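The values are calculated or read from the model by the stated rules, or taken from the named source; none is laboratory data. Since the structure is predicted, the reported quantities are computational estimates derived from the model, not experimental observations. With ideal geometry, Cβ positions are generated from the backbone for all residues, glycine too; neighbour counts draw on all protein chains shown.
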Amino acid sequence: MEVFIAQVINGLSLGSIYVLLVTGFNLLLLVAMIIHFAYPQVVVFSMYITWVVLRLTGNSLLLGALAAVASSIFFNMVSAPLFQKVMKKRGEVDINSTMVLSMGIGMIITDVLSHGFNKGFPIAFPDELSGKTAILRIGLISILPGQVSSLIVGIIAVSGFFLLLYKTRAGRAFRAIAEDPNGARLVGIPLFRTGLESYALSGLLGGIIALLLAALLGSASPDLGEQVAHKVLAVSIIAGLGNLAGGLVVGLLLGILEAIVQGYLSGSWSNAIAFVIMLVVILAKPKGLFGIKL
Amino acid sequence: MSWALYLPYRVAHLHFIIVANMAISGYAAAYLVMTWHFPFGWALALGFVLGGIIGYIVALFIGDAPTFAVVIVGFTFIYIVRTVIENTEAVGGTMGMFGLPNIGGSPILHRWTMIAILYGLVLLVGFCIYRFDHSRLGRAASAIFVDPDLATSLGVDIKKLGILLQTFSCTLAGGCGVLYGFIFKSFHLDYFTFHMVGILMTVIFVGGYATLWGVVLAAPVLYGVPLLFPPQIASWRIVIYGVLLILVLVLKPEGFITPRFVYNMETFLSRRRKKRNTL
Amino acid sequence: MKKRAVVVGMEVLVLVLFVASFGFSQAKVVVNEWQVPFLNCLTGPIASIGGYLQWGADRAAFEMNQAGGIAGKPVKVIGVDTANDPQKGTVEMARIVKDSLVALGPVPEPVIMAAMPIAVENEMMSMTATTSYEYASKFFPWTVSWFPPYSTRLPPLVKAWAKEFSDIKQVVQFVENYGPWPGMAEAHVAGLKAANVKVLNNVEVPGDAVTFGPLIVKALDQKPDGIIFVCNAQKIAKIIKELKSRGWTKMNHLLVFSSGDDSSLYTIGGDDINGVQVYNYINPGVDNPRWNAFRAAFMKDHNGMAPFSLSPNYYDALYMVKEAIEKTGVTGDPKKLKEERKKIADYCASVKNFHGIQFDWDMKDGVPTNKPSYLFEIQGGKKVLIQEVRP
């Protein structure tokens, strides 16, 4: 029983990574109709920028955090017009074009990180960011500060953005310009300013995710984004594109499932089993378990 | 391989399962040749057949699925196949298989046989795709790409066409997998990665996804030109591919070789032929 | 006329591109200089490691030229980039086998597997000095193995570790399914059994694992006294950090295998890996003039960083080539290429008392017979020698 509880806690920790990334992914989808397959790579890029700033400033956490957010916002602002240009029709998700474009962005980011930062070797974040000592340790059950913060922030982020997008005027404006820009303009929503705000918002979330991942994982490597990107995409599709609550549930469940498989079966089969389940769901219910929310 | 990705994309399916097909057929053929001493010809034929069977079975489920479902299925298969191969000692596991025999018994005969098969396959497949593109089926595929609902209302069976294209594409990929490994005389999991997916995608989108000639131009150029670069620039090859992909998507979404370009070339060449004939 | 010019121009362009797609180039044979191509990953994801290997070979060439070269002629190592791409590796190997006497590399294993058959077909020796016997032996006699088989090399090392810390009664291994690593883990088992240590079930580490809690719980549930790590350096460091946070205190009961001993282990592990044991084949603390000069030069060129553990391998490989050329009377005459390639290959496969930069060894049929291995303890980012182990 102790082992099972420990694995569930580990699973929640892993799942919180997926939740954070899927939330960012879904946010971009909801406010900009962009399917950003390389969103995890962008987050990893922000992690690298954080690392550079931490090294240059003698591990100033505040400046590192600001760098993470700023770099993420900047990247969003720069890449969003590219997506808008390639999408055939605003208001409709053009999967082919945005997916291919984001794959191109992912290729560039991964290769730039392999060449240009730390000679391609992984980077390590200072221990002050993650905390070395467990908050709770009972036998095999152990909870680290990074695990708690990423899970809590993940839940808060999902709840917060759900409320923002569906219960506030600003959120409705974001969704309006994404779904029907002409209609939004007609009702007086300022397109340019609102569009900028929506990209800044997703950039802000991306920066926060980068910081939380730095705290949770303690390190990053150029291929980290690729390693999680396929699972993030699959989680989003299983849950239903744009479904924030669904992403939370499926992300956590997937994390727990992987932890259970690694803990009780074989580690090298954990990916295959997880993907088989995803395959079954996709074939049986292409709109996802909780439905598309676009 | 780029043609194997091009064909399903005619109906807007990014069918990445072809990379998994390459691995399955390649390893199967290598196993048969090395363990059971199958002749290479039989192993190659089996590679094609195996690819086709897998492609057909999968296509029964995703022949008319949305694009993202097809993409996920492709990624899933790549993951599953890699996991199975790395846990299967009979095909070398993580070490890979190497020491595949020379076809014909000598390196020179092996090299020429592979070249002959490759170029023969390029001509044959190119011909088939050309005939497909200029047929009713090709026009139906174009209709599906532009507007699936309209295509359905005009009587196009999306699922059947999807199954046909996916099966053909997987068949081709299976054979390519066998050839790929026998050219290197080894198989390793690192030959079949998501990196290959990125390169294939770059080839068809930069060259042009709407005609088969896009691949003919893009594949040798994108692969060959970096070989001429100095190492410092060649090391940024993947970044160059990524930038090129983005620029093409933004500025020239159909790629360099568009159907209009091909039409103009065909018209130009036929006018020249007529002029020569009249002279 | 204008149209014809355009068509001709296009035809020329297509021809140029067609030729370019085969990577057309010619290597010139220079008889006044020994040119040794080194197929290396100078670009791509492991370019840094390739850089360290190239540095070692260049250092050897520099020293040789300072002392008069090889048989009176200068030597030049030509870095041939394979970009960690098997396809590129075969293209480059096909090019160099036309007129090269001997080559170094390729690096790493997928490129070796793709490119070495070409060297074998053309009967040219290519020294794969960083791969295991299990890969190199497939291409004998046209390469040599720098390491003995796992079954002879690893059990004594692991046994020595288990004996050093005799309170280790049961051991679990974290094993990543990559290349020869599962085979190495099996070889460890033989050593553990020889030391009467119980071997618990391996914990398989997925290649794309980003968190390791489930694996650690699985391992700790078996109540091991010791742990051996057979996975990527970055993963090892993260697992050790998490083990420590879960209360693991006996750091010297953790053993890292040789392939895990790279800069990622130290960068990510930091102070948390102090006391951890690691085995490898080069002793950074050796005190001899050649090694001291090598180390000083490496540190000078790499901002004070200590030599990467594989960096002397191609240094030694080039010296072995030098010895082969001088002792067999190879002239570099292109007309005698086939015969002289065979001489070099035969010599290297059976060299006696070769003076490597750290130790001397013999080769028997391409396999080293008496190379030492070392067990170290990590302290403050450095390796402190615990014992030397000979098979």
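Tabulated data
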item: Failed item, numbered, when A:G247 is tested on (1) modelled with pLDDT of 85 or more; (2) more than 26 Å from B:V70 (Cβ to Cβ); result: (2)
item: Residues of region B:143-188 that turn out to be closer than 30 Å to B:F38 by Cβ, among the aliphatic types (A, V, I, L, M) and surrounded by fewer than 24 Cβ atoms within 10 Å (Cβ to Cβ), as a count; result: 4
item: In region C:240-263, residue farthest from the other protein chains (Cβ to nearest Cβ) [restricted to those that are part of a strand (DSSP E or B) and touching a Gly at 6+ places or on another chain (Cβ under 9 Å)]; result: C:L255
item: So B:D190, is it within 24 Å of A:G104 (Cβ to Cβ) and charged (D, E, K, R); result: yes
item: Single unsatisfied condition, C:P289 versus (1) closer than 18 Å to C:V171 by Cβ; (2) surrounded by fewer than 21 Cβ atoms within 10 Å (Cβ to Cβ); result: (1)
item: Filtered residue count, region C:268-305, keeping only those that are under 28 Å from A:G218 (Cα atoms), touching a residue at least 12 places away in the same chain (Cβ under 8 Å) and of a type in the set (S, T, N, Q); result: 3
item: Some residue of region C:295-303 being within 14 Å of chain A (Cβ to nearest Cβ) and on the phi > 0 side of the Ramachandran plot; result: yes
item: Among residues of region B:34-91, those that are of a type in the set (G, A, S) and in a loop (DSSP other than H, G, I, E, B), counted; result: 2
item: Neighbours by Cβ (under 6 Å, 6+ apart or cross-chain): first from region C:111-136, within 9 Å of chain B (Cβ to nearest Cβ); second part of a strand (DSSP E or B); result: C:M113/B:F98; C:M113/B:S186; C:A114/B:S186
item: From B:Y56, B:Y9, B:Y79, residue being within 12 Å of another protein chain (Cβ to nearest Cβ), hydroxyl-bearing (S, T, Y) and more than 21 Å from A:A272 (Cα to Cα); result: B:Y9
item: Boolean, A:L252 is touching a residue at least 60 places away in the same chain (Cβ under 8 Å), more than 10 Å from every other protein chain (Cβ to nearest Cβ) and in contact with a Leu (Cβ under 7 Å, 6 or more places away or on another chain); result: yes
item: Conditions (1) within 14 Å of another protein chain (Cβ to nearest Cβ); (2) of a type in the set (A, V, I, L, M); (3) surrounded by 20 or more Cβ atoms within 10 Å (Cβ to Cβ): number failed by C:V171; result: (1)
item: Candidate set: region C:81-95, residues that are closer than 20 Å to B:Q232 by Cβ and aliphatic (A, V, I, L, M); chosen: the one surrounded by the most Cβ atoms within 10 Å (Cβ to Cβ); result: C:A83
item: From the options C:A324, C:A345, residue that is small (G, A, S) and touching a strand residue (DSSP E or B) at 6+ places or on another chain (Cβ under 7 Å); result: C:A345
item: Residue within region C:260-275 that is surrounded by 21 or more Cβ atoms within 10 Å (Cβ to Cβ), closer than 26 Å to C:E164 by Cβ and touching an Asp or Glu at 6+ places or on another chain (Cβ under 8 Å) present; result: no
item: A:V53 vs. criteria in a helix (DSSP H, G or I) and touching a residue at least 60 places away in the same chain (Cβ under 8 Å); result: no
item: Residues satisfying the stated conditions in region B:176-194, i.e. part of a helix (DSSP H, G or I), at the interface with chain C (Cβ under 9 Å from one of its Cβ atoms) and over 17 Å from B:G41 (Cβ atoms); result: B:F184, B:L189, B:D190, B:Y191
item: Test result for A:S150, hydroxyl-bearing (S, T, Y), more than 14 Å from chain B (Cβ to nearest Cβ), buried (at least 21 other Cβ atoms within 10 Å of the Cβ) and under 21 Å from A:G218 (Cα atoms); result: yes
item: Region B:198-212: number of residues that are more than 8 Å from every other protein chain (Cβ to nearest Cβ), part of a helix (DSSP H, G or I) and touching a helix residue (DSSP H, G or I) at 6+ places or on another chain (Cβ under 6 Å); result: 5
item: Residue in region C:152-169 that is within 30 Å of C:P224 (Cα to Cα) and aromatic (F, W, Y) present; result: yes
item: Residue within region C:268-289 that is of a type in the set (A, V, I, L, M, F, W, C), part of a loop (DSSP other than H, G, I, E, B), under 21 Å from A:I260 (Cβ atoms) and more than 8 Å from chain A (Cβ to nearest Cβ) present; result: no
item: Selected residue [within 30 Å of A:L12 (Cα to Cα) and in a helix (DSSP H, G or I)] from C:K163, C:K218, C:K223, C:K159; result: C:K218
item: Filter result (surrounded by 23 or more Cβ atoms within 10 Å (Cβ to Cβ) and more than 10 Å from chain B (Cβ to nearest Cβ)) within region C:42-51; result: C:I49, C:G50
item: Residue within region A:23-37 that is buried (at least 24 other Cβ atoms within 10 Å of the Cβ), within 14 Å of chain C (Cβ to nearest Cβ) and under 15 Å from the mean Cα position of the chain (by Cα) present; result: no
item: Residue within region B:227-236 that is at pLDDT below 75, touching a strand residue (DSSP E or B) at 6+ places or on another chain (Cβ under 7 Å) and of a type outside the set (A, V, I, L, M) present; result: yes
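So that you can scan it fast, the table gives a plain yes or no per residue for (1) buried (at least 24 other Cβ atoms within 10 Å of the Cβ); (2) assigned to a helix (DSSP H, G or I); (3) more than 13 Å from chain C (Cβ to nearest Cβ):
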site: A:G188; (1), (2), (3): no, no, yes
site: A:L201; (1), (2), (3): no, yes, yes
site: A:G207; (1), (2), (3): yes, yes, yes
site: A:L233; (1), (2), (3): yes, yes, yes
site: A:S236; (1), (2), (3): yes, yes, yes
site: A:L248; (1), (2), (3): yes, yes, yes
site: A:Q262; (1), (2), (3): yes, yes, no
site: A:V280; (1), (2), (3): no, yes, yes
site: A:L289; (1), (2), (3): no, no, yes
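Condition check ((1) modelled with pLDDT under 95; (2) at negative phi; (3) buried (at least 20 other Cβ atoms within 10 Å of the Cβ)) across all residues:
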{"site": "C:Y314", "(1), (2), (3)": "no, yes, yes"}
{"site": "C:E323", "(1), (2), (3)": "no, yes, no"}
{"site": "C:V330", "(1), (2), (3)": "yes, yes, yes"}
{"site": "C:P334", "(1), (2), (3)": "yes, yes, no"}
{"site": "C:I344", "(1), (2), (3)": "no, yes, yes"}
{"site": "C:C348", "(1), (2), (3)": "no, yes, yes"}
{"site": "C:Q387", "(1), (2), (3)": "yes, yes, no"}
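Okay, residues lined up against (1) in contact with a helix residue (DSSP H, G or I) (Cβ under 6 Å, 6 or more places away or on another chain); (2) under 24 Å from B:E86 (Cα atoms); (3) touching a residue at least 40 places away in the same chain (Cβ under 8 Å):
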| site | (1), (2), (3) |
| --- | --- |
| C:R153 | no, no, yes |
| C:S166 | no, no, no |
| C:V172 | yes, yes, yes |
| C:V175 | yes, yes, yes |
| C:A187 | yes, yes, no |
| C:A194 | yes, no, no |
| C:L200 | no, yes, no |
